[in-house]
Amino acid sequence: MNKYFYILSVVVLIVSCGKDVGNFKPTTKLENILKNEKLGKVYYEFRKENVYLTLGIDTVKSFKKFVAETSIKELISLTECERPVVRCFAFKALIEKDYPEIRNILFRHKYDEENVEEFYGHCIRMNLPVKIYMLNKLRPFASYKNKEYLELEKEFMDN
């Protein structure tokens, strides 16, 4: 029995070494990011009205204020937060700011498999990985200005 377990372990190791599998690891805790009082205030004002990710968040007044009052650097730090919903809000805000390096942020999250819920109206709820949420927000119909979306999607989804 131990012999078969050993052989199976070796096979799994060989197969996994041949694949380019990465993992997204958050680098910061929300409490550390929000030690910045200005960012903490803006964040809490926004989140008390926006508990969930919703389709059309970019039209909500509190989200627009959040985008206007946060810096690119602050939003980038929020994309590294241990809470997946915060990463998604921050990513969407970076898109709204026309952040020119949005592609780098997307590819940083290529293996971000934690799930978030996005609500469509009052009765439809989608459960999807952070990486797919982010990719979907870059689709041309999702207000992303880059016309090279199909190439981006192919490159992002290729292993």
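The values are calculated or read from the model by the stated rules, or taken from the named source; none is laboratory data. Predicted model, so just to flag it, every value in this text is computed and none were measured. All Cβ positions, even for glycine, are placed from backbone atoms using ideal geometry, and neighbour counts span all protein chains on display. Ligands, DNA and RNA are excluded from the accessible area calculation, which covers all protein heavy atoms including side chains. Shrake-Rupley method; radii C 1.70, N 1.55, O 1.52, S 1.80 Å.
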Among (1) at pLDDT 90 or above; (2) open to solvent by less than 50 Å² (accessible area, probe 1.4 Å); (3) closer than 30 Å to residue 123 by Cβ, the one test that residue 56 misses: (1)
Unique match (being in a helix (DSSP H, G or I), small (Gly, Ala, Ser) and within 28 Å of residue 23 (Cβ to Cβ)) among 62, 77: 77
What are the residue pairs meeting all of these: first residue in segment 110-130, first residue of a type in the set (Lys, Arg), second residue loosely packed, with under 13 Cβ neighbours inside 10 Å and not in a strand (DSSP E or B), Cβ atoms under 7 Å, and 6 or more apart or on different chains? 110/22
Do we have any residue at all in segment 80-89 that's open to solvent by less than 50 Å² (accessible area, probe 1.4 Å), in contact with a Lys or Arg (Cβ under 6 Å, 6 or more places away or on another chain), modelled with pLDDT of 95 or more and in a helix (DSSP H, G or I)? no
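Does residue 132 meet the test of being over 24 Å from residue 40 (Cα atoms), surrounded by fewer than 20 Cβ atoms within 10 Å (Cβ to Cβ) and β-branched (Val, Ile, Thr)? Lay out the reasoning, then the answer.
On the way: over 24 Å from residue 40 (Cα atoms): yes; surrounded by fewer than 20 Cβ atoms within 10 Å (Cβ to Cβ): yes; β-branched (Val, Ile, Thr): yes.
Yes.
Going by what's in this entry, would residue 67 be described as out of contact with any helix residue (DSSP H, G or I) (no Cβ under 8 Å at 6 or more places or on another chain), crowded, with 16+ Cβ neighbours inside 10 Å and of a type outside the set (Ser, Thr, Tyr)? Outline the logic, then answer.
Values: out of contact with any helix residue (DSSP H, G or I) (no Cβ under 8 Å at 6 or more places or on another chain): no; crowded, with 16+ Cβ neighbours inside 10 Å: yes; of a type outside the set (Ser, Thr, Tyr): yes.
It is false that residue 67 is out of contact with any helix residue (DSSP H, G or I) (no Cβ under 8 Å at 6 or more places or on another chain), crowded, with 16+ Cβ neighbours inside 10 Å and of a type outside the set (Ser, Thr, Tyr).
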